[in-house]
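Working notes, beginning with the structure itself.
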Amino acid sequence: MAALRAALGALLAAARVRSPPLGQRPPRAPCSVSAAARGAAMEPAPRWLAGLRFDNRALRALPVETPPPGPEGAPSAPRPVPGACFSRVRPAPLRQPRLVALSEPALALLGLGAPPADAAAREAREAEVALFFSGNALLPGAEPAAHCYCGHQFGQFAGQLGDGAAMYLGEVCTAAGERWELQLKGAGPTPFSRQADGRKVLRSSIREFLCSEAMFHLGIPTTRAGACVTSQSTVVRDVFYDGNPKYEKCTVVLRIASTFLRFGSFEIFKSADEHTGREGPSVGRNDIRVQMLDYVIGTFYPEIQAAHADNSVQRNAAFFREVTRRTARMVAEWQCVGFCHGVLNTDNMSIVGLTIDYGPFGFLDRYDPDHVCNASDNAGRYAYSKQPEVCKWNLQKLVEALEPELPRELGEAILAEEFDAEFRRHYLQKMRRKLGLVRAELEDDGVLVAKLLETMHLTGADFTNTFHLLSSFPVGPEPQGMPEFLDALTAQCASLEELKLAFRPQMDPRTPWALGYHQPGHAFLHHLPWRSTRCPEGAAHAPSKTWEAWFPGFDKQANRLWFERI
């Protein structure tokens with residue numbers, strides 16, 4: 001601890017002049033000098049992190065709002081942000097920040113050196129990470145800002161949303177020519193925080209840190225987590241949503257990606273929605289939409305920009321085609337590992353095909369295609385099996401957001417042509433590999449996969465364990481160990497008691513009549529036995545009758561699809 005305190009003291013007492021760069025680096029690209037950048041020059045000088053070279057292209061290419069004047073050090077006030085893609089902000093300091101976890105592979109993307117072997121040097125490095133990646137101090141060249149975007153949430157246009165608990169720090173250019181955006185999640189309020197405090201807590205931050213890194217190592221396109229820093233600052237959260245709030249430690253996650261722009265970034269231009277009446281803060285500003293397309297395509301799809309430099313419509317069509325393909329492949333990867341995103345709103349869909357914003361998420365245990373990992377998703381909109389269709393629906397909203405720069409008819413034709421075909425191709429390719437079907441591709445492989453999943457559902461088999469056990473399937477003319485293999489395979493299926501519990505009916509017999517739901521299509525249909533395996537045991541509306549008991553002779557299976565379309 002003495003070494004840690006000494007390291008922190010050395011950082012805080014360091015000269016205001018930036019330390020010499022570590023190693024050979026290319027010259028820093030010219031960058032506009034803002035008030036935020038000038039303020040950052042007065043920060044403590046980093047040592048290990050001094051090698052980071054910021055070139056914040058997004059803030060040069062897109063309009064940035066300078067916040068209205070207010071008291072020095074006052075937090076950003078929630079407000080509409082018209083005519084801008086970013087608003088300058090400042091992270092709010094935390095008390096006694098300390099490092100919880102650090103991802104060496106993620107930080108290596110930024111060109112940072114390997115961890116030192118010396119214990120004192122490691123402590124000094126951890127103190128530096130805690131200082132700068134908590135938001136308590138700014139790295140030279142960082143220009144914190146909050147991104148403005150809108151979104152369709154649970155199918156309805158919500159208007160302005162934006163980075164309410166995240167902050168763009170800047171973009172780091174590496175010696176290898178790569179560009180990485182750094183973002184702090186949980187660093188304090190922004191103009192987009194609405195009624196919230198802009199903070200995240202330790203439990204949710206650890207979940208995001210672990211899952212984003214796990215997804216990367218599963219081979220799934222995702223944002224990365226470089227560091228997790230907690231503190232002695234606290235906020236009040238109702239952890240179990242039971243009316244018993246508790247104090248929790250404020251925690252910040254350093255997130256890394258090529259960009260955090262999303263479908264909702266293009267929805268800030270949306271006119272008044274016919275259902276909600278809400279509109280984007282920059283409605284009518286097609287000039288900014290053109291700027292965003294030029295920036296996104298030129299920066300993240302340079303090959304498309306080069307191929308269609310003389311025709312913007314063809315360029316924008318090629319861009320949307322590639323976004324469609326990447327999104328289809330991404331959700332196919334999710335389905336193959338049993339990942340449930342939980343909040344697939346348009347503001348949580350990456351413009352470069354990454355998995356972003358790990359809020360409520362989960363992985364399948366017992367295989368259930370109707371599994372919902374978000375407790376607030378009462379209608380099951382984002383159930384596991386619905387994720388591909390929801391992603392396609394979100395792409396349709398992106399088509400609408402790109403008009404007139406991409407004619408809607410052309411965008412919809414691309415979506416119809418590309419999404420389903422690309423999803424099926426990638427999904428079946430990945431499932432063949434999971435099942436070891438690599439020597440030959442047969443037409444009925446898809447049927448085989450579907451039958452396996454159906455059997456897993458009926459037996460309550462564990463999704464991941466089933467595929468793991470299949471990897472040990474004995475082969476050969478006279479395979480040995482088949483009885484042991486079958487015993488292991490069936491042992492991880494659900495017991496009869498577990499299946500009874502999972503498939504128990506969930507409809508309160510009083511619900512259709514006491515609440516007046518007499519017409520087809522009303523809310524009680526969402527509580528049919530086969531749609532509602534998510535109610536906790538002992539819930540107040542635990543059922544005592546099945547659907548067949550209410551309607552003798554009703555053929556549940558024959559009518560299931562009809563009811564699910566209501």
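What the table below lists for this structure:
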quantity: For q = 0.26 Å⁻¹, Debye-computed log10 I/I(0) when each Cα of the range 69-137 counts as one equal scatterer; calculated: -1.22
quantity: Interchain or long-range residues, amide H under 5 Å from Tyr382's placed H; calculated: none
quantity: Bins of 5 Å from zero: percent of alpha-carbon pairs in the range 217-355; calculated: 2, 8, 12, 15, 15, 15, 14, 10, 5, 2, 1, 0, 0
quantity: From phi via Karplus (6.51, -1.76, 1.60), per-residue ³J(HN,Hα) for the range 424-438 in Hz, x at Gly/Pro; calculated: 4, 4, 5, 4, 5, 4, 5, 5, 4, 5, 5, 9, x, 8, 10
quantity: For the range 439-510, Kirkwood radius (reciprocal of mean inverse C-alpha pair distance, Å); calculated: 14.6 Å
quantity: Positive-end residue of Asn378, Gly411, Ser312, charge dipole of the range 274-425 with Cβ unit charges; calculated: Asn378
quantity: Per residue, the convex hull volume that the Cα atoms of the range 389-459 enclose (Å³); calculated: 108 Å³
quantity: Reciprocal of mean inverse Cα separation for the range 93-168 (Kirkwood radius, Å); calculated: 15.3 Å
quantity: Neighbourhood net charge (12 Å Cβ-Cβ; Lys/Arg +1, Asp/Glu -1) for Ala84; calculated: +2
quantity: Karplus-derived 3J(HN,Hα), 6.51/-1.76/1.60, for each residue of the range 287-292, Hz, glycine and proline x; calculated: 4, 6, 4, 4, 4, 5
quantity: Mean separation of Cα contacts under 8 Å (6+ apart) over length of the range 79-177, as relative contact order %; calculated: 33 percent
quantity: Gain in span if fully extended, Arg95 to Leu442, counting 0.36 nm per residue against the direct Cα distance; calculated: 118.9 nm
quantity: Cβ-Cβ FRET estimate between Arg79 and Thr234, R0 fixed at 30 Å, reported to 0.05; calculated: 0.65
quantity: Additional length obtainable on full extension of the chain from Phe363 to Ala307, 0.36 nm per residue less Cα span; calculated: 16.2 nm
quantity: Convex hull of Cα atoms in the range 198-275, direction-averaged projection (nm²); calculated: 8.3 nm²
quantity: Within the accessible area of the range 32-179 (1.4 Å probe), percent carbon and sulfur; calculated: 57 percent
quantity: Per-residue HN-Hα couplings for the range 258-270 [Karplus 6.51, -1.76, 1.60; θ = phi - 60°; Hz; x = Gly/Pro]; calculated: 5, 6, 10, 5, 9, 3, x, 4, 8, 8, 5, 9, 5
quantity: Kirkwood hydrodynamic radius of the range 344-388, Cα pairs, Å; calculated: 11.5 Å
quantity: Principal axis dimensions, largest first and in whole angstrom, of the range 293-440 by Cα; calculated: 53, 44, 26
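The values are calculated or read from the model by the stated rules, or taken from the named source; none is laboratory data. Model, not experiment: these values are computed from the prediction. Cβ coordinates were reconstructed from backbone atoms using ideal geometry, including for glycine residues, and neighbour counts include every protein chain displayed. These accessible areas exclude ligands, DNA and RNA; they are computed on the full protein's heavy atoms, side chains included. Shrake-Rupley method; radii C 1.70, N 1.55, O 1.52, S 1.80 Å.
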